[in-house]
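Enquirer: The structure under discussion is supplied below as structure tokens; questions concerning it will follow.
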Amino acid sequence: GLPMVLSGSAEPCAQLLVSSIGVVGSAEQNQRHSARFFDVLTAQLGLGPERIVIRFYPLEPWQIGKNRTVMTFL
């Protein structure tokens, strides 16, 4: 029930968190991803790009658990 505030405004907004192994590791990669995500989010949500924030989190395989182990060993 708490409002989300972006740039000092509680107007509708969105935050997208993207985490991936080996896909979001550089500024060049994230610039391309960001453009595509913004195209989809602005069209689907009807928000202006200034009301959307995308946060990229590069992960290492040992940081993701799956099937009782970590991705390093899968």
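The values are calculated or read from the model by the stated rules, or taken from the named source; none is laboratory data. Remember, it's a predicted structure, so these values are computed and weren't measured experimentally. We place every Cβ from the backbone using ideal geometry, glycine too, and count neighbours over all the protein chains shown. Note: accessible area is taken over every heavy atom of the protein model, side chains too, but ligands, DNA and RNA are not part of it. Shrake-Rupley method; radii C 1.70, N 1.55, O 1.52, S 1.80 Å.
Enquirer: Please work out how much accessible surface residue 50 shows to a 1.4 Å probe, ignoring ligands, DNA and RNA, in Å² rounded to 10.
Expert: 120
Enquirer: Another question about this same structure. Just in region 18-74: which trypsin sites (Lys or Arg not before Pro) are loop by DSSP and have at most 10 other Cβ atoms within 10 Å?
Expert: Numbers: sites: 32, 36, 51, 55, 66, 68; in loops: 68.
Hits after loop and neighbour filter: 68.
Enquirer: Turning to a different aspect of this structure: Using just the helices of the chain, give the 222 nm mean residue ellipticity in deg cm²/dmol: DSSP H runs with n ≥ 4 each add -39,500 (n - 2.57), and the total is spread over all residues, rounded to 500.
Expert: Counting only the DSSP helices, I get -9000 deg cm²/dmol.
Enquirer: If you don't mind, there's one more thing I want to ask. In whole Å, largest first, what are the principal axis extents of the Cα atoms in the chain?
Expert: The Cα atoms of the chain stretch 44, 32, 21 Å along their principal axes.
Enquirer: How large is the dipole of region 14-73 about the Cα centre if only Lys and Arg carry +1 and Asp and Glu carry -1, each at its Cβ, rounded to the nearest 20 debye? List each step's numbers first, then the result.
Expert: On the way: 6 positive and 4 negative charges, 42 e Å.
So the magnitude is around 200 debye.
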